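S.K.: Sharing a structure below in structure tokens format, with a few things to ask.
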Amino acid sequence: VDYFTIHAGVLREYVQFTEKRWLPKCASGESILAVAMTEPGAGSDLKSLRTSAVDKGDHFVVNGQKTFISNGQLADLIITAVKHDNGTISLVMIEEGMKGFERGRNLDKIGLKAQDTSELYFNDVIVPKTNLIGKQGQGFRYLMQKLAQERLVLAVAAVEATRLVQTITLQYIKERKAFGQKIGSFQNTKFKMAEMATELEMAQVFCDKVVMEHMKGENTTAEASMCKWYATEMQKRHTDECLQFFGGYGYMMEYPIARAYLDARIQTIYAGTTEIMKEIIGRSLGL
């Protein structure tokens, strides 16, 4: 729920209204949330959104398509990024059962098989203005405020996923033998594991620092981007290195390392690609 909370100081009255209307069921698990930003032709580039919201006085008429939406099949409430005629972006809540709202196929991914990821379609969906989240035209700012938090969440997840991968690999190389000795006793294996353990600890310390700054209310947009790209790229590299120590068994889905390898690949893509993270960091340097 915290992910969707708008700064109370800016939107206190609205948030109080929203808390009574939607948040109780979200907190109890009766309602499932999704965020619909990405479109077939617009991923990290929010300004290229094409899903439109035409102002009709007391409601908006929404038309467009979204893709790669987590919880898309299950969500009861969908926070949807829409664009107005003047080019500004707003966030509106589209609810299950609204006429013209349709769910597409559940996309077949290479990893994260337990998570549904879907296409969504909006065909002349009438959305009351009471479903406007925050102020009209301020959606881009709201998203930018909270994307840093999302990226920190992913960075922390990447650190912990890497730690788990290293743990199961250590267990394996301490038991598995080749050429009459345990795999972990080979110098190459020792050095690789030492390098990965060191990099993991460095990433952990930096992520902890930025999380604490974020919790204090400091602007951590650039630092969160640093955490996100570094930790997720680390997860991808380390999982690949660790899988190598398993040999042919690492290619078998019955081994956790194989599933970890597939799941790690999306980390450098969603919530902003590594390249977008570097672009944000570069801009923060005045470039």
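S.K.: How much of the accessible area of the range 86-236, probe 1.4 Å, is carbon plus sulfur, in whole percent?
M.R.: Heavy-atom surface of the range 86-236 belonging to carbon and sulfur, 1.4 Å probe: 58 percent.
S.K.: While we're on this one: Go through the range 154-200 and name the trypsin sites (Lys or Arg not before Pro) that are in a DSSP coil and have 15 or fewer other Cβ atoms within 10 Å of their Cβ.
M.R.: Within the range 154-200, the qualifying trypsin sites (Lys or Arg not before Pro) (loop, at most 15 other Cβ atoms within 10 Å) are Arg176.
S.K.: Students often get this wrong, so try it: which of (1) 1.04; (2) 0.95; (3) 0.98 is Rg/Rh (Cα atoms, Kirkwood Rh) as calculated from the structure shown?
M.R.: (1)
S.K.: Between beta-carbons, use under 13 Å as the cut-off and find the net charge around Met234, counting Lys and Arg +1, Asp and Glu -1.
M.R.: Combined, the nearby Lys, Arg, Asp and Glu give -3.
S.K.: Under 10 Å, Cα contacts only: if you run a Gaussian network model on the chain, which one of Ile94, Ile257, Ile32 comes out with the highest mean-square fluctuation?
M.R.: Ile32
S.K.: Determine the gain in length on full extension of the stretch Ser48-Glu160; use 0.36 nm per residue of separation and subtract their C-alpha separation, reporting nm with one decimal.
M.R.: Roughly 37.0 nm would be gained on extension.
S.K.: Extension gain Gln145-Ala114, at 0.36 nm per residue separation less the Cα-Cα distance, in nm?
M.R.: Difference between extended and current length: 8.3 nm.
S.K.: Can you give the FRET efficiency for Glu95 and Met212, using 1/(1 + (r/R0)^6), R0 = 22 Å, r = Cβ-Cβ distance, to the nearest 0.05?
M.R.: Here the calculated transfer efficiency is 0.05.
S.K.: Right, here's the next one. Less than 16 Å from a label point 7 Å out along the Cα-to-Cβ axis of Ser31: which backbone N atoms in the range 127-157 qualify, by residue?
M.R.: Backbone N within reach: 127-134.
S.K.: Quote to one decimal, in nm, the extra length available between Lys174 and Lys135 on full extension: 0.36 nm per residue of separation minus the C-alpha distance between them.
M.R.: 8.3 nm
S.K.: With the other protein chains left in place, how much accessible area per residue, in square angstrom, belongs to the chain at a 1.4 angstrom probe?
M.R.: Averaged over the residues of the chain, the accessible area is 54 Å².
S.K.: Please get the size of the charge dipole for the chain, origin at its Cα centre, with Cβ charges of +1 on Lys and Arg and -1 on Asp and Glu, quoted in debye to the nearest 20.
M.R.: 380 debye
The values are calculated or read from the model by the stated rules, or taken from the named source; none is laboratory data. No experiment lies behind these values; they were computed from the predicted model shown. When we count neighbours, we look across all protein chains shown, and the Cβ atoms used for this are built from the backbone with ideal geometry, even at glycine. We work out accessible area using only protein heavy atoms, side chains counted, and drop any ligands, DNA or RNA first. Shrake-Rupley method; radii C 1.70, N 1.55, O 1.52, S 1.80 Å.
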